[in-house]
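Written out below as structure tokens is the structure these notes cover.
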Amino acid sequence: MKRAVCLSIALILVLTFTACDSKTVNNPKNTNKPEAPLDFVPDYSFGKQNTRGNTVNLLQNGGCFALQDKWIYYCNKDNIYKMPIGGGENDIYLLYSDKEVKSIQVIGDWIYFLEEAELDKWQIKRVRTDGSLPEVIVESKDIAVTWWNLGGNLKLSTYIALEDWLYYMSITYGEDNKGNGTFTYHLTRTKTDGIKTEYIYSFEPQQTGKKGLSYSIDYIDDNGTIYYDIIQGEKIQKYFAINISGGEPRELFSSLLRANNSKTVLFMLALDDKGNTYFTGYDFFNVDENDVVIKKDFAYPVYYLNGALSSLIDNAAPVPLENGPGIDSYEQSHLSFVNGQLVTISYNPKKPSGKKYELASYDPSSGKITTVLNEFPETFDNTYPVYFADLKDGYIYFGFNDGSWWRVMPDDTGFEDLNWMLNPSSPKRPNASRP
């Protein structure tokens, strides 16, 4: 769905940061745990369980899918399913069905997910991989969800499941000495069983105008560094890094960075299996903190960085795509790694209206660009996909904002609508006891 982007930015938000050592927060709930079913059988082989709940690429593309060993776990609206990799409609299991679900992550015997507790209020829950023992781990009052004003789109504060911790942004409320309401944001982690919560870092925004604040945890690298962003106003974005055990964060850069000798606003990113970073961004005619003028009728480029996001200063180089991925103002990245290749949307202005967008793959090692699909299926109100997924079965999966997903092989064979997967007619239920 095309979204209008408000580009008049008045930065009148001042942030005051307060460092704190990791502070333990009392968690009176989740102390009396129900026992697991006696007939529970793990889905994974010995030593094959995840230590990360999901990959950066899948989380950056909506978190609809997660993988562990030989299984695919996925959500659609109110439901959570699982299916063996390479399976079909007769192999689908319905694990959970209640309220709207997002951001699936799997570690060992548990599936973690965001569930809408009430309108615009989300909680972190978990359920066994056989559908048993659903429980709330982090209540919605403890999760900070704010508006990212890109056409009024709600951006959920991303959470990350890593080993036996859940990392997310939380919020607490108070009063100043004049009786005015105050609030403090916390980079927070909670044990995956919900028994213990710690604040890694806290900061207090002092809002002096109408423009809002949003934030998101982007990823945690193998060295224990958390990368997160703060969006001031409607478009100005700053990236920070902090050690997983706490301390002072360091500002990496503003999204108003210089790449390829032009100012760019950084959007979502993709990481290859070597830790190199790819990202999309808008190029601008004029950019400063009070005046942003976007170029019109152009294809915004994909940039490549030889290394992790933390090394990005002014040394990002454009990927040599023939046209570039799209010109739409929607905030998704249109970017991922599938089968070891960068998959993105290529925009061809010479094609007829409605058929200007193509699915393209780029091999970073050879520089070869291949058109996979020269036009996309017609959906209710989408011109091209906004999500990609690699489910380790050779296909390129792509999804639209209306919730539909399709897949195709890199050689343009096996093109298929995945409605049978997302809305199975007769899913099975695992043979396990349930409370």
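Going by the structure shown, is A10 within 27 Å of T190 (Cα to Cα), modelled with pLDDT under 95, of a type in the set (A, V, I, L, M) and not assigned by TED's automatic domain parsing to the domain that holds D193? Lay out the reasoning, then the answer.
Working: within 27 Å of T190 (Cα to Cα): no; modelled with pLDDT under 95: yes; of a type in the set (A, V, I, L, M): yes; not assigned by TED's automatic domain parsing to the domain that holds D193: yes.
When the stated conditions are applied, A10 does not pass them.
What is the one condition in (1) of a type in the set (F, W, Y); (2) modelled with pLDDT of 75 or more; (3) surrounded by fewer than 21 Cβ atoms within 10 Å (Cβ to Cβ) that Y201 does not satisfy?
Y201 satisfies all of (1) of a type in the set (F, W, Y); (2) modelled with pLDDT of 75 or more; (3) surrounded by fewer than 21 Cβ atoms within 10 Å (Cβ to Cβ) except (3).
With respect to the numbered conditions (1) part of a loop (DSSP other than H, G, I, E, B); (2) under 12 Å from the mean Cα position of the chain (by Cα), which one is the sole condition not fulfilled by F46?
(2)
Okay, residues lined up against (1) of a type outside the set (A, V, I, L, M, F, W, C); (2) within 17 Å of A161 (Cα to Cα); (3) not assigned by TED's automatic domain parsing to the domain that holds V101:
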| residue | (1), (2), (3) |
| --- | --- |
| F40 | no, no, yes |
| T51 | yes, yes, no |
| N57 | yes, yes, no |
| Q60 | yes, yes, no |
| A66 | no, yes, no |
| K70 | yes, no, no |
| Y74 | yes, yes, no |
| K77 | yes, no, no |
| I80 | no, no, no |
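Which members of the range 408-435 meet the condition of being assigned to a strand (DSSP E or B) and farther than 27 Å from G131 by Cα? Even if it seems obvious, please write down each step before you answer.
First pass over the range 408-435, keeping only residues assigned to a strand (DSSP E or B): 408, 416-417, 428.
Matches in the range 408-435: V408, E416.
For the range 384-416, which positions are touching a strand residue (DSSP E or B) at 6+ places or on another chain (Cβ under 7 Å), β-branched (V, I, T) and more than 17 Å from A270 (Cβ to Cβ)?
The answer is V408, and nothing else.
For (1) out of contact with any helix residue (DSSP H, G or I) (no Cβ under 9 Å at 6 or more places or on another chain); (2) of a type in the set (G, A, S); (3) under 27 Å from G47 (Cβ atoms); (4) outside any loop (DSSP other than H, G, I, E, B), each residue gets a yes or a no:
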position: Y74; (1), (2), (3), (4): no, no, yes, yes
position: M83; (1), (2), (3), (4): no, no, yes, yes
position: G86; (1), (2), (3), (4): yes, yes, yes, no
position: L94; (1), (2), (3), (4): yes, no, no, yes
position: V106; (1), (2), (3), (4): yes, no, yes, yes
position: Y112; (1), (2), (3), (4): yes, no, yes, yes
position: Q123; (1), (2), (3), (4): no, no, no, yes
position: R126; (1), (2), (3), (4): yes, no, yes, yes
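Suppose we keep only residues that are under 25 Å from the mean Cα position of the chain (by Cα) and at pLDDT 95 or above within the range 86-95. Which one would you say is surrounded by the fewest Cβ atoms within 10 Å (Cβ to Cβ)? Break it down into steps so the answer makes sense when it comes.
Start the filter on the range 86-95 by keeping residues that are under 25 Å from the mean Cα position of the chain (by Cα), which leaves 86, 92-95.
The next check asks that each one be at pLDDT 95 or above; those that pass are 92-95.
On the way: I92: 21, Y93: 21, L94: 16, L95: 22.
Selected residue: L94.
Which condition number in (1) outside any loop (DSSP other than H, G, I, E, B); (2) surrounded by fewer than 14 Cβ atoms within 10 Å (Cβ to Cβ); (3) at pLDDT below 95 is the one that V372 fails?
Unmet for V372, out of (1) outside any loop (DSSP other than H, G, I, E, B); (2) surrounded by fewer than 14 Cβ atoms within 10 Å (Cβ to Cβ); (3) at pLDDT below 95: (2).
Return yes when K210 is at pLDDT 80 or above, exposed (fewer than 14 other Cβ atoms within 10 Å of the Cβ), basic (K, R) and over 23 Å from A117 (Cβ atoms) and no when it is not. Lay out the reasoning, then the answer.
Working: at pLDDT 80 or above: no; exposed (fewer than 14 other Cβ atoms within 10 Å of the Cβ): yes; basic (K, R): yes; over 23 Å from A117 (Cβ atoms): yes.
Against the criterion (at pLDDT 80 or above, exposed (fewer than 14 other Cβ atoms within 10 Å of the Cβ), basic (K, R) and over 23 Å from A117 (Cβ atoms)), K210 does not qualify.
The values are calculated or read from the model by the stated rules, or taken from the named source; none is laboratory data. The structure presented is a predicted model; accordingly, all values stated were derived computationally and were not measured. Here the Cβ is made from the backbone with ideal geometry for all residues, glycine too, and neighbour counts use every protein chain on show.
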